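These notes are about the structure you will find just below.
Any read-out appearing in this document is the output of simple, stated calculations on the displayed coordinates, not a laboratory observation. Quick caveat: nothing in here was measured; it's all calculated off a predicted structure. So basically every Cβ, Gly included, is an ideal-geometry build from the backbone, and we count neighbours across all protein chains shown.
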Amino acid sequence: MKNLKSMLPFLFLFLLYFGSTQAQNVDRVKSIVKELSSKKYHGRCYTHRGAEKAGKYIQSEFEKSGLQPVNGKWEQPFSFDLNQIIKVKLKIDGQKLIPGADYVVRRNSPVIKGNWDLTMIEAQHLKNPEKMASLIEKIDLENQFMVVDLDDLRKNREMYDSAAKILFGSAADKFILLQEDAIKDYVVYGRKKSEKVVISIRKQAFNKSAKKLELRLKTEFNNITTNNVMGMLQGKAEHDSIIIVCGHYDHLGEMGPKAFYPGADDNASSIAAMIELAHFLNAQKTKPEKSILFVGFSGEEAGLIGSKYFTENLPIADSRISYVINMDMIGFGKAGLQVWNGKNEPRLVKQLKTINNHGQLVDTLVIKENTPNSDHYYFTEHDIPAIFLSTGLAPSKHYHTVYDTFDNTDFGRMKEIIQLVAGLVNADQKLSVKK
């Protein structure tokens, strides 16, 4: 590793870049987040071609920043099955509830339309299969929605797991789950279509004495095609190594036409950071030693599908990849910057800490174990060094809700993280973290 003296000019250059033209560059970051979290992209899902439009926008921004296509291509297409909610209307005792604010529908639910009675299921019935089976026999399942208070069950994790197995393993096929944080529940994509309808409702929006439910739910199950978007910043010709900087651009779309998930923090924030980083690196007079491949993944919210496909179909030889920096949710959070898989990449973390300390950027770096819930994961499965940077895995009231908006984004925090990543990829391009 180079000594600190050799790192500082690069870090100073980036601090100067953001300092002298700070308004211009922060404005560009803000503009990108605002654009991608706007309604024109329909939550960057696959209805109304939302993800496709977002991908095209990102490609155009990659081009503006000076990046080049990879092997002549900006896109890497792939396909997967998906169940999507097209329309939903829910009334309880004639009172209309608001999707995304009062309730969410599990996204693998089938098409259903009609009116039903409501039956409360007490926790005692969910403690053993015999009691549940006995209760089920007495209920007219065709004409009943079963209502369960999940928060009561969650007081005991073992009981909760057992109850869930009994409940969803029963013959019942229509459920309402009551919970405080209901609007964060079951919002991720449905890869398979279920025969069971599950609606999660905020406890404050539901009267336990309610008797009737009216539901109109339209879903569509399709094989969809989407794209990873990529662009290359070419380093010095004599250097064959590549650093990958990545993050997903897809989000949760809509839950019917009236519930829109903007996804400003998750993950327009990281896409904006990548584009700003590309502008900075291309503005330097001297090319970086290593080439840098920027990748925006699709299909992350459906289960890391885009990054899995990418690692199985790399557009470059895996032997050329020095390391991977994945960013996911860097625009909100008060718990410092979390470095996931950092405990498995000590040399990379040491470099990161050195740059952070001397640049006085992020207040706290929290070094974590690996986690399989973001796009770095499949790189690690292929023995490619990777870390995942996030401020958003600490509890956030906006995570996976309709309130993850531009106005709730912390651009000061984002600027610090962009500076840190710029320092890392630029400060010591000879760093090797290959095992």
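Remarks
- Ranked by the mean number of other Cβ atoms within 10 Å per residue, highest first, peptides 322-330, 38-46, 280-288 order as 322-330, 38-46, 280-288.
- Base-10 log of normalised Debye intensity for segment 83-221 (one unit scatterer per alpha-carbon) at q = 0.15 Å⁻¹: -0.71
- Segment 329-367-segment 196-210 distance, computed between alpha-carbon centres (Å): 40
- Only helices enter the 222 nm calculation for the chain: every DSSP H run of n ≥ 4 contributes -39,500 (n - 2.57), and dividing by all residues gives -9500 deg cm²/dmol, rounded to 500.
- 0 to 90° range, to nearest 10: angle between helix 50-65 axis and the chain longest Cα axis: 10
- Karplus (6.51, -1.76, 1.60) ³J(HN,Hα), θ = phi - 60°, over segment 375-385, in Hz, Gly and Pro reported as x: 6, 6, 4, 6, 5, 5, 5, 9, 6, 9, x
- Hz values of 3J(HN,Hα) by residue in segment 198-203 - Karplus curve (6.51, -1.76, 1.60), Gly and Pro given as x: 10, 10, 9, 10, 4, 4
- Two-decimal ratio, segment 280-417, of alpha-carbon radius of gyration to 2.2 N^0.38 Å: 1.09
- Whole-angstrom Cα spans of the chain along principal axes, big to small: 76, 40, 39
- P(r) for segment 147-239, from all Cα pairs and a bin width of 10 Å, is 11, 34, 26, 11, 8, 7, 2, 0 %, short bins first.
- Against the chain, whose longest principal axis is taken from its Cα atoms, helix 269-283 shows a tilt of about 10°.
- Look at where the Cα atoms of segment 24-66 and of segment 118-194 average out, and the two centres are 39 Å apart.
- Taking a quarter of the surface of the Cα convex hull of segment 194-233 gives a mean projected area of 6.7 nm².
- Distance histogram in 10 Å bins (all Cα pairs of segment 19-151, percent per bin): 9, 23, 23, 17, 14, 10, 3, 0
- Amide H contacts under 5 Å for VAL111: THR219, restricted to partners 5 or more places along the chain or on a different chain, H placed in the peptide plane at 1.01 Å from N.
- Computed over segment 217-361, the P(r) curve from all C-alpha pair distances, binned at 10 Å from the origin, holds 9, 32, 37, 15, 5, 1 percent per bin.
- Principal axes of segment 228-303: Cα extent on each, largest first, Å: 52, 23, 13
- For the chain, a crude dipole built from +1 on the beta carbon of Lys and Arg and -1 on the beta carbon of Asp and Glu, taken about the Cα centre, is about 500 debye to the nearest 20.
- For segment 104-181, the Cβ-based charge dipole about the Cα centre amounts to some 240 debye (Lys, Arg positive; Asp, Glu negative; other atoms uncharged).
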